[in-house]
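Chemist: Before we start, here is the structure in question, set down as structure tokens.
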Amino acid sequence: MLTIYIIIVFAGCMLAASWSDLTSMTIPNWISLVLVAGFFILAPFAWQSWAIFGTHLLVGLICFALGVGMFALGWMGGGDAKLFAATSLWWVWPDLWVYLVYTAIAGGVLAVFLLLGRKYLPVKVLTTDWMHRLFKDEKKMPYGLALAFGALMALPKSDIYQFVAVTM
């Protein structure tokens, strides 16, 4: 039952974030808040130890600080930074590295796709506002898609998911 909860809350938030970022270049705050609340609701049922819980908090706080730093430098949007921090709360260190690798790969593919589309895609093909914004705004990239891909790829291998799947 808890695995279904994780999939609904976590995957649902990731899919909502990616769709919102794709179509509007924004990630609503409620998505990050649901991820954080979802983690704290799940934590007592997936309890391993205070040390593991502390590791989750530490990973989340460090990623929050990194996200704020990247936002301050203009490397990442505010919604992306909040989503990164909220998602990272679900990981322990090994999970974070898996998440970062998948996210970086997806971000690279997304960047190449957007660069090619922005250079070669004719304007008449861009029939909706969000498509026009996606391919003609050369300063923005919906990195929420990469964050969501990385999170969804990392989730089944994550410590919290494996613990819940095995013990429940």
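Here, each number is a calculation from the coordinates, and none is a lab measurement. Predicted model, so just to flag it, every value in this text is computed and none were measured. For neighbour counting, all protein chains shown are included, and Cβ atoms are generated from backbone atoms with ideal geometry for every residue, glycine included.
Chemist: Test residue 89 against the criterion of being touching a residue at least 60 places away in the same chain (Cβ under 8 Å), within 17 Å of residue 14 (Cα to Cα) and crowded, with 18+ Cβ neighbours inside 10 Å, and give yes or no.
Modeler: So residue 89 fails the test.
Chemist: Another one. Residue 139 passes all but one of (1) touching a Ser or Thr at 6+ places or on another chain (Cβ under 6 Å); (2) surrounded by fewer than 12 Cβ atoms within 10 Å (Cβ to Cβ); which number fails?
Modeler: Of the numbered conditions (1) touching a Ser or Thr at 6+ places or on another chain (Cβ under 6 Å); (2) surrounded by fewer than 12 Cβ atoms within 10 Å (Cβ to Cβ), the odd one out for residue 139 is (1).
Chemist: Given the structure, is residue 84 under 21 Å from residue 146 (Cβ atoms), in a helix (DSSP H, G or I) and in contact with a Leu (Cβ under 7 Å, 6 or more places away or on another chain)?
Modeler: yes
Chemist: So residue 166 fits all but one of (1) loosely packed, with under 13 Cβ neighbours inside 10 Å; (2) under 17 Å from residue 76 (Cβ atoms); what number is the exception?
Modeler: The one condition residue 166 does not meet is (2).
Chemist: Checking residue 95 against (1) touching a Lys or Arg at 6+ places or on another chain (Cβ under 8 Å); (2) not in a helix (DSSP H, G or I), which test does it fail?
Modeler: (2)
Each row is one residue, and each column tells you yes or no for (1) over 29 Å from residue 140 (Cα atoms); (2) without any contact (Cβ under 8 Å) to a residue 12 or more places away in the chain; (3) surrounded by fewer than 13 Cβ atoms within 10 Å (Cβ to Cβ).
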residue	(1), (2), (3)
17	no, no, no
28	no, no, no
36	no, no, no
48	yes, no, no
55	yes, no, no
65	no, yes, yes
71	no, yes, no
